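First comes the structure, then the notes that go with it.
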Protein chains: 2
Amino acid sequence: MIERIKRFIDENRLLNKNERYLLSFSGGPDSVFLSFILDKIGYEFELFYLNHLLREDADKEEKFVKEFAEKLKRKIFVERFDVKRFCEENKLGIEEGARIIRREKLYEKIIQFNYNYALLAHTLDDLIENFFIRIFRGSGFGIPGMKMKEDWIIRPILNIRKNEIVSFLNNEKIEYYIDPSNSDRSFLRNRIRMELIPLIEDISPTGLNGIIKTIDNIESMKSSFYKMVKDIKIRRFLNHIEFDSGKYLSLPESLRFLFMRNALSIFSGELELKKEHIKKSEGRFELKNFIVEINKNFGIIHKKVQLEEKRLDIDKSLIFGDFYIECKKVDDLIYKKNEFEDVEYFDLNDLFPPFFIRKREEGDKMVRFRKNRERKIKDFFIDKKIPVILRDFWPLVCDRNGILFIPFVARCERGKIKKETKDILMFKCRRILNGWT
Amino acid sequence: MIERIKRFIDENRLLNKNERYLLSFSGGPDSVFLSFILDKIGYEFELFYLNHLLREDADKEEKFVKEFAEKLKRKIFVERFDVKRFCEENKLGIEEGARIIRREKLYEKIIQFNYNYALLAHTLDDLIENFFIRIFRGSGFGIPGMKMKEDWIIRPILNIRKNEIVSFLNNEKIEYYIDPSNSDRSFLRNRIRMELIPLIEDISPTGLNGIIKTIDNIESMKSSFYKMVKDIKIRRFLNHIEFDSGKYLSLPESLRFLFMRNALSIFSGELELKKEHIKKSEGRFELKNFIVEINKNFGIIHKKVQLEEKRLDIDKSLIFGDFYIECKKVDDLIYKKNEFEDVEYFDLNDLFPPFFIRKREEGDKMVRFRKNRERKIKDFFIDKKIPVILRDFWPLVCDRNGILFIPFVARCERGKIKKETKDILMFKCRRILNGWT
């Protein structure tokens, strides 16, 4: 088994002995297996565990996880997060919310401690489960492929079946923690795993291998298409996608239509797209569930989502549209901005809590940092070339006195950090990318 | 319901009151429903029923079918065919063999009696079942689309769910015949219908609608791809596909690779295809399960199939590779050749039964019609520009004295019809196209 994974890693050039990795660890069989194998092969990695505080046995799990890391003589980061409350507040399903939070926390550590990549213990079974979840939603281009490497994430055991893992661990007498919620039939994924996949194995012994081949064939259809449209790069966020409009506009009309059609199928497709919609080259149009804007720089397809004002307390975080926003008291200004992350620091004593996040309203104004005159925030959006369509889904961080921070756009003059500042408040905002799963 | 189907037919311009149709009728709910509705709307159609002689209740079914036609005051063709024996002899699954025979017999009537199209009572459930059958086989480009119209076939109720049909018939107190083999769990299709689809409906109430959307999205990916490769026309036969090599060869290498990859996925894909394989522009190469030939006129991908010699008795038919061959005593020479069908007539008393079909062997010779000198049959293949790869899968109709007929290529001088011929023997051969299902 070790040899097989070694071969898979080498053939696909996934890992490198000169790099440092952070392995997302849950204590379940998959991540126990991945840790065990990579430890044996001798890669440099450490563990990250997020206690979701979801279940009564959460402490027991955390204890197991810490002991496992100790036995492996690997450092482990343990964080706790009230996932249930977060999901309720943000109207997310537990599974989706937990995934988003896990990714955010993991990414934070990757950046903070300079890891090269995060390692996820996804298996072939996860791939098949995702395939079904996506086709049940009516996806097309959103059907996941065999992505061993994606942005900052690597999946070194994506070719292994879960039952192989479990029998390996049992044979080797390696302990793992069984998450009782994995058999909770109110989760679609669990029913796919516990009922659908075994049924398919029963009615067609070669069926699952066929599905894996199909996934591969669909991936080939996707890459064929991207090739045809000059490799237009699509960036997927939680509720919208962005693409290079220059390349898009240079396509003939019939290809533009197909591109739009396929891009919509990343979500769940939109059957009401008509040829008329793509007749005009630049501009906006609305479909039943989406708004589309093509401007000189970007093409954007945005799901129609309702965004209500949300309160954001200190040391809490929330999701607003496609943004993950955190509010935290900190001791220093260590976080830096990057393409997907914006951070601003404030003198807490100059602010008027409670804080809240809302979308823009007609006539919103703000005094920008290092300025002394109020201006319409519309001008700030224009300065930063934020597409019109996105402005209606953009978060404004406010206190009782007005707008404090427009992530990736501007912050206000008020509350700036001074020599004598005692209490530093940080607002960190990340655009949520939506990849494989 | 009638209104809904009328709208579907009109929106998709499926049927026309000036045309005559032949409806493939089984007595089951779907075809009873289709007949009832089209009768009400007032289209001109007649019925075709093939008694498969498979089940003990076959006579009862035939009786029901005839009575139904009588009540509807529509003409019905009733044919009988020993499907089980045919499938055994040709090593086909019952379902596949029955489908091929039904198509052949139906097509025969379409040609013979000048119908415009055949009507099939396929429903949304059939589409979903086919989707699963195909993904279990590892298909990609072979995943079926919402094909309401395909060659000589029209599917006017492809947007209707089976349970809608059954409750309509029950409400209207319209009788239908229940085929007991539809609940035979040894058929993959039946288990998909009886177990998989209900499970999906249970675990995800919107899952099936999602799958229908996915099918549509995949269809769009397929048509995108065909557009990219200059609409290369692919013809699908049972065991091979043919495409225009001129267009193929004019593609850049990377597109040729993708085209080949996707074309292979019409069957079940072939993961061992390498870039090296498409480096050479013309020529042949072998993969694990396929042989590929690119020549000046055609590109051909052929499954590796074993073809053994088969006996063909009078008034019987068989399948040899991608050909359906019939041997029949007839009174006149009514059948004509067409692109997919070749026919030759012989004076039975000049032949030496039994007849058999085999593939070519080194040194095969024949005296061609209206010639008097024996020539190598290789020359005949060359004259007719039959691609080399196909020659090894081509049927030769023989008697004890030698080769009589090479369909679509040549027949022998021996046994030609004379004024004094009493017993006419017909050999009819059709290339089996493989469409949606």
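The values are calculated or read from the model by the stated rules, or taken from the named source; none is laboratory data. Please read these numbers as outputs of a predicted model, since none were measured by experiment. Cβ coordinates were reconstructed from backbone atoms using ideal geometry, including for glycine residues, and neighbour counts include every protein chain displayed. Please note that ligands, DNA and RNA were not included when accessible areas were found on the heavy atoms of the full protein model with its side chains. Shrake-Rupley method; radii C 1.70, N 1.55, O 1.52, S 1.80 Å.
So which residues in the range B:363-386 are among the β-branched types (Val, Ile, Thr) and open to solvent by 50 Å² or more (accessible area, probe 1.4 Å), if there are any at all? Walk me through how you get there before you give the answer.
Within the range B:363-386, the first condition is being among the β-branched types (Val, Ile, Thr), and the residues that meet it are B:367, B:377, B:382, B:386.
Once the filter is applied, which keeps residues that are among the β-branched types (Val, Ile, Thr) and open to solvent by 50 Å² or more (accessible area, probe 1.4 Å), the range B:363-386 yields only B:ILE382.
I'd like to check something: does the range A:108-115 contain any residue that is away from chain B (no Cβ under 14 Å) and touching a Lys or Arg at 6+ places or on another chain (Cβ under 6 Å)? Can you show your working first?
Taking the range A:108-115 as the starting set, the residues that turn out to be away from chain B (no Cβ under 14 Å) are A:108-115.
From the residues that got through so far, the ones that are touching a Lys or Arg at 6+ places or on another chain (Cβ under 6 Å) too are A:115.
Yes, there is a match, as at least one residue in the range A:108-115 is away from chain B (no Cβ under 14 Å) and touching a Lys or Arg at 6+ places or on another chain (Cβ under 6 Å).
Run B:ASP244 past the list (1) in contact with a Gly (Cβ under 8 Å, 6 or more places away or on another chain); (2) within 28 Å of B:ARG161 (Cα to Cα) and report the number of the one that doesn't hold.
(2)
Of B:ILE234, B:ILE314, which residue is of a type in the set (Val, Ile, Thr) and assigned by TED's automatic domain parsing to the domain that holds B:ASP342? Lay out the reasoning, then the answer.
Working: B:ILE234 fails: assigned by TED's automatic domain parsing to the domain that holds B:ASP342.
Result of the check over B:ILE234, B:ILE314: B:ILE314.
Can you confirm whether A:ASP332 is among the acidic types (Asp, Glu), open to solvent by 10 Å² or more (accessible area, probe 1.4 Å) and touching a residue at least 60 places away in the same chain (Cβ under 8 Å)? I'd like the intermediate steps shown before the answer.
On the way: among the acidic types (Asp, Glu): yes; open to solvent by 10 Å² or more (accessible area, probe 1.4 Å): yes; touching a residue at least 60 places away in the same chain (Cβ under 8 Å): yes.
Yes: the conditions hold for A:ASP332.
On the given criteria, is B:SER265 in the same structural domain as B:VAL397 (by TED's automatic domain parsing) and in contact (Cβ under 8 Å) with a residue 40 or more places away in the chain? Don't jump to the end; show me each part of the working.
Details: in the same structural domain as B:VAL397 (by TED's automatic domain parsing): no; in contact (Cβ under 8 Å) with a residue 40 or more places away in the chain: yes.
No, not satisfied.
Kindly evaluate B:ASN190 against the criterion of being within 25 Å of A:LEU199 (Cβ to Cβ) and under 24 Å from the mean Cα position of the chain (by Cα).
Working: within 25 Å of A:LEU199 (Cβ to Cβ): yes; under 24 Å from the mean Cα position of the chain (by Cα): yes.
Yes; evaluated as a whole, the condition is true for this residue.
What about B:GLU172, is it out of contact with any helix residue (DSSP H, G or I) (no Cβ under 9 Å at 6 or more places or on another chain) and farther than 14 Å from B:GLU129 by Cα? Break it down stepwise before answering.
Numbers: out of contact with any helix residue (DSSP H, G or I) (no Cβ under 9 Å at 6 or more places or on another chain): no; farther than 14 Å from B:GLU129 by Cα: yes.
No.
Restricting attention to the range B:163-187, which residues are crowded, with 19+ Cβ neighbours inside 10 Å and either outside any loop (DSSP other than H, G, I, E, B) or within 14 Å of chain A (Cβ to nearest Cβ) (or both)?
B:ILE165
Looking at A:ILE389, A:ILE417, can you tell me which residue is crowded, with 17+ Cβ neighbours inside 10 Å, at pLDDT below 95 and not in a strand (DSSP E or B)? Quick ask: steps written out before the conclusion?
Working: A:ILE417 fails: crowded, with 17+ Cβ neighbours inside 10 Å.
None of the other options fit; the residue is A:ILE389.
Do we find that B:PRO198 is at the interface with chain A (Cβ under 10 Å from one of its Cβ atoms) and more than 30 Å from A:SER223 (Cβ to Cβ) in this structure? Spell out the reasoning first.
Details: at the interface with chain A (Cβ under 10 Å from one of its Cβ atoms): no; more than 30 Å from A:SER223 (Cβ to Cβ): yes.
For B:PRO198, the condition - at the interface with chain A (Cβ under 10 Å from one of its Cβ atoms) and more than 30 Å from A:SER223 (Cβ to Cβ) - is not met.
Of all residues in the range A:384-437, how many are more than 23 Å from A:GLU339 (Cα to Cα) and small (Gly, Ala, Ser)?
Summing the residues that are more than 23 Å from A:GLU339 (Cα to Cα) and small (Gly, Ala, Ser) in the range A:384-437 gives 2.
Return the residues of the range B:54-103 that are under 19 Å from the mean Cα position of the chain (by Cα) and of a type in the set (Gly, Ala, Ser); say none if nothing qualifies.
B:GLY93, B:GLY97, B:ALA98
Which members of the range A:135-144 meet the condition of being more than 12 Å from every other protein chain (Cβ to nearest Cβ) and either in a helix (DSSP H, G or I) or small (Gly, Ala, Ser) (or both)?
Within the range A:135-144, the subset more than 12 Å from every other protein chain (Cβ to nearest Cβ) is A:144.
Residues satisfying the conditions do not exist here.
Give me the residue from the range A:399-414 that is open to solvent by less than 20 Å² (accessible area, probe 1.4 Å) and in a strand (DSSP E or B) and, out of that set, nearest to A:ASP364 (Cα to Cα). Break it down into steps so the answer makes sense when it comes.
Pass one, the range A:399-414, residues open to solvent by less than 20 Å² (accessible area, probe 1.4 Å): A:399, A:403-407, A:409-412.
In the following step, the residues that additionally are in a strand (DSSP E or B) were identified as A:399, A:403-406, A:410-412.
On the way: A:ASP399: 14, A:ILE403: 8, A:LEU404: 12, A:PHE405: 12, A:ILE406: 12, A:ALA410: 13, A:ARG411: 14, A:CYS412: 13 Å.
Once the filter is applied, the top-ranked residue is A:ILE403.
In the range B:116-134, which residues are within 18 Å of the chain's Cα centre (by Cα) and away from chain A (no Cβ under 14 Å)?
Matches in the range B:116-134: B:ASN116, B:TYR117, B:ALA118, B:LEU119, B:LEU120, B:ALA121, B:HIS122, B:ASP126.
Search the range B:271-287 for residues that are in the same structural domain as B:PRO252 (by TED's automatic domain parsing) and pair each with any residue that is surrounded by fewer than 11 Cβ atoms within 10 Å (Cβ to Cβ) and basic (Lys, Arg) when their beta-carbon atoms are under 8 Å apart and the residues are at least 6 apart or on different chains.
Pairs that qualify, where the first residue is in the same structural domain as B:PRO252 (by TED's automatic domain parsing) and the partner is surrounded by fewer than 11 Cβ atoms within 10 Å (Cβ to Cβ) and basic (Lys, Arg), are B:GLU272/B:LYS288; B:GLU282/B:LYS296.
Check A:GLU308 against each of (1) in a strand (DSSP E or B); (2) open to solvent by 100 Å² or more (accessible area, probe 1.4 Å); (3) not hydrophobic (A, V, I, L, M, F, W, C) and name the one condition it does not meet.
Every condition holds for A:GLU308 apart from (1).
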